[in-house]
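Inspection log for the structure reproduced underneath, given as structure tokens.
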Amino acid sequence: MNQSEWPLWEVFIRSKQGLDHKHVGSLHAADAAMAIQNARDVYTRRQEGISIWVVESKHVHASNPDDAEAFFDPANDKVYRHPTFYQVPDSIKHM
Amino acid sequence: METLEMTQEEQFQARIDADVRIEPKDWMPDAYRKTLIRQISQHAHSELVGMLPEGNWITRAPSLKRKSILLSKVQDEAGHGLYLYSAAETLGTTRDQMLADLHSGKAKYSSIFNYPTLSWADMGCVGWLVDGAAILNQVPLCRTSYGPYARAMVRVCKEESFHQRQGFEIMQTLCEGAPEQKAMAQEALNRWWWPTLMMFGPKDEDSPNTAQSMNWRIKRFTNDELRQKFVDMMVPQAEFLGLTVPDEKVQWNEARQAYDFGEVNWDEFWAVVKGNGLCNRDRLGARVKAHEEGAWVREAAMAHAVKRTEREAVAA
């Protein structure tokens, strides 16, 4: 049964010039050209985009949510990476 | 193992309670997953089947403008179905499985689409009342606990309000027209009012899953709460149109600051849910026919894609 199903594609849309492509959802299509056509009809019926990327879902590699804590932990205790960590004398301007 | 499982479930509930969204790869209880697959796919099926009663009127729309609008609306509904199927697929089910369940009658869709659309005024009522009820159901779902479902609903809700307004405009145009047109509007309202109230589902005391769904923040309001909101919203709108809601018990209750209204015919509700509405067989038949007659297109597209990939591999 499953073999008849068209592959799944992830859709990314740039809403306007100067902005990133953003993930908006997924859809099924036989190939990339059809995925782009379908993405236009499914995700940009109201001028939501000016550019579309499609990536077959099986090619997306993701971090594991179960490891999220340990994985993202190293950034936790490095407050000195933020400008607010530093005290700037009141008389110093433009910093 | 038992205690570990408990901890996971408690952690899960704590995240829900803190309004943290659940994402596809996160741990979730099996029952949460199953409930969501059932609810989201049912919702997707409703969008798909919901195109059928309107399809009947695309070729019969009274003007090119109305025809274009109706076409757009039906196209939106196809889109809404696709957003929702995608959201359900993130939970581990497949598109083929969901469609197979719809076509076999195992999965349900909204009973409202098992009523016939007899006149052009029905297109007004479907937009104004049916989509109005759908919006009340759907707006709280934009904050539902499962991320992909909530995001799909944000998209759906953005598009749905045009559906309701175009329906109201159809009703308003008819009500400002000839006496025959106004009568047509009233007659449509008479037929759609009660079935629309049924869209919110059984009474709270007959809805055993509501408590768990509220606890998981899949649902945000009970069926009866939403039904009351709908009546409070719609009675004044019907009055504005100069139409009468077909319920003698409708009356403003000063103490409750809400409208009292009569009892839904629950026998009819359950009969339609169980497959014995006016159009159940027609709708499912049309759906299955479209799917089966489209099989060769799906196969041909796939075969073409495979052939082209092979040709590119040879060329490279």
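Could you please give the count of residues in region B:118-166 that are within 22 Å of B:Gly201 (Cβ to Cβ) and not β-branched (Val, Ile, Thr)?
Narrowing region B:118-166 to residues within 22 Å of B:Gly201 (Cβ to Cβ): B:125-146, B:149-150, B:152-153, B:156-157, B:160, B:163-164.
Filter again for not β-branched (Val, Ile, Thr), leaving B:125, B:127-129, B:131-134, B:136-138, B:140-143, B:145-146, B:149-150, B:152-153, B:157, B:160, B:163-164.
Qualifying residue count for the region: 25.
Mind checking which pairs have a first residue in region B:283-298 that is within 24 Å of A:Leu8 (Cβ to Cβ) and a second that is of a type in the set (D, E, K, R) and surrounded by 15 or more Cβ atoms within 10 Å (Cβ to Cβ), Cβ under 9 Å, 6 or more apart or different chains?
B:Arg298/A:Glu5
Can you pull out the residues in region B:177-192 that are touching a residue at least 40 places away in the same chain (Cβ under 8 Å), surrounded by fewer than 22 Cβ atoms within 10 Å (Cβ to Cβ) and of a type in the set (A, V, I, L, M, F, W, C)?
B:Met184
Could you run through region A:49-95 and say how many residues are touching a Lys or Arg at 6+ places or on another chain (Cβ under 9 Å) and touching a residue at least 12 places away in the same chain (Cβ under 8 Å)?
5
Condition check ((1) in contact (Cβ under 8 Å) with a residue 12 or more places away in the chain; (2) more than 14 Å from the chain's Cα centre (by Cα)) across all residues:
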position: B:Gly79; (1), (2): yes, no
position: B:Leu84; (1), (2): yes, no
position: B:Thr94; (1), (2): no, yes
position: B:Met98; (1), (2): yes, yes
position: B:His103; (1), (2): yes, yes
position: B:Val126; (1), (2): yes, no
position: B:Asp131; (1), (2): yes, no
position: B:Ile135; (1), (2): yes, no
position: B:Thr144; (1), (2): yes, yes
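In region A:11-23, is there at least one residue being out of contact with any Cys (no Cβ under 9 Å at 6 or more places or on another chain), on the phi > 0 side of the Ramachandran plot and modelled with pLDDT of 95 or more?
yes
What single numbered condition from (1) under 19 Å from B:Gln42 (Cα atoms); (2) buried (at least 19 other Cβ atoms within 10 Å of the Cβ) fails to hold for B:Phe261?
With (1) under 19 Å from B:Gln42 (Cα atoms); (2) buried (at least 19 other Cβ atoms within 10 Å of the Cβ) applied to B:Phe261, the lone miss is (1).
Which ones in region B:75-104 are more than 12 Å from chain A (Cβ to nearest Cβ) and open to solvent by less than 30 Å² (accessible area, probe 1.4 Å)?
B:Leu91, B:Leu102
Pick from region B:26-45 the residues that are open to solvent by less than 20 Å² (accessible area, probe 1.4 Å) and under 9 Å from the mean Cα position of the chain (by Cα): which of them is nearest to B:Arg155 (Cα to Cα)?
B:Ala44
Name the helices (runs of 4 or more DSSP H) wholly within region B:81-138 that hold at least 2 residues that are among the basic types (Lys, Arg) and at pLDDT below 95? Full working, then the answer.
Numbers: elements: B:95-104, B:120-125, B:131-138.
No helices (runs of 4 or more DSSP H) qualify here.
Could you list, in sequence order, all residues of region B:194-209 that are part of a helix (DSSP H, G or I) and surrounded by fewer than 21 Cβ atoms within 10 Å (Cβ to Cβ)? If you could, list the steps in order and put the result at the bottom.
So the first thing to find is which residues in region B:194-209 are part of a helix (DSSP H, G or I), and the list is B:194-198, B:204-206.
Residues satisfying the conditions are B:Trp194, B:Asp204, B:Glu205, B:Asp206.
Would a scan of region A:56-78 turn up a residue that is modelled with pLDDT of 95 or more, over 26 Å from B:Trp27 (Cβ atoms) and touching a helix residue (DSSP H, G or I) at 6+ places or on another chain (Cβ under 9 Å)?
The answer is yes; a qualifying residue exists.
Output the number of residues of region B:258-314 satisfying the condition of being more than 21 Å from the chain's Cα centre (by Cα) and either in a loop (DSSP other than H, G, I, E, B) or polar (S, T, N, Q) (or both). Step through it out loud before you land on a result.
As a first pass, look at region B:258-314 and keep what is more than 21 Å from the chain's Cα centre (by Cα): B:258-263, B:267, B:289, B:292-314.
Now drop any that are not either in a loop (DSSP other than H, G, I, E, B) or polar (S, T, N, Q) (or both), which leaves B:261-263, B:294, B:309.
Adding up the residues that qualify gives 5.
Which one is farthest from the other protein chains (Cβ to nearest Cβ), of the residues in region A:1-50 that are open to solvent by 80 Å² or more (accessible area, probe 1.4 Å) and of a type in the set (Lys, Arg)?
Applying the filter and picking the extreme gives A:Lys16.
The values are calculated or read from the model by the stated rules, or taken from the named source; none is laboratory data. These figures come from a predicted structure and were not determined experimentally. Backbone-built Cβ (ideal geometry, glycine too); neighbour counts: all protein chains shown. Protein only, heavy atoms only, side chains kept; ligands, DNA and RNA dropped before computing areas. Shrake-Rupley method; radii C 1.70, N 1.55, O 1.52, S 1.80 Å.
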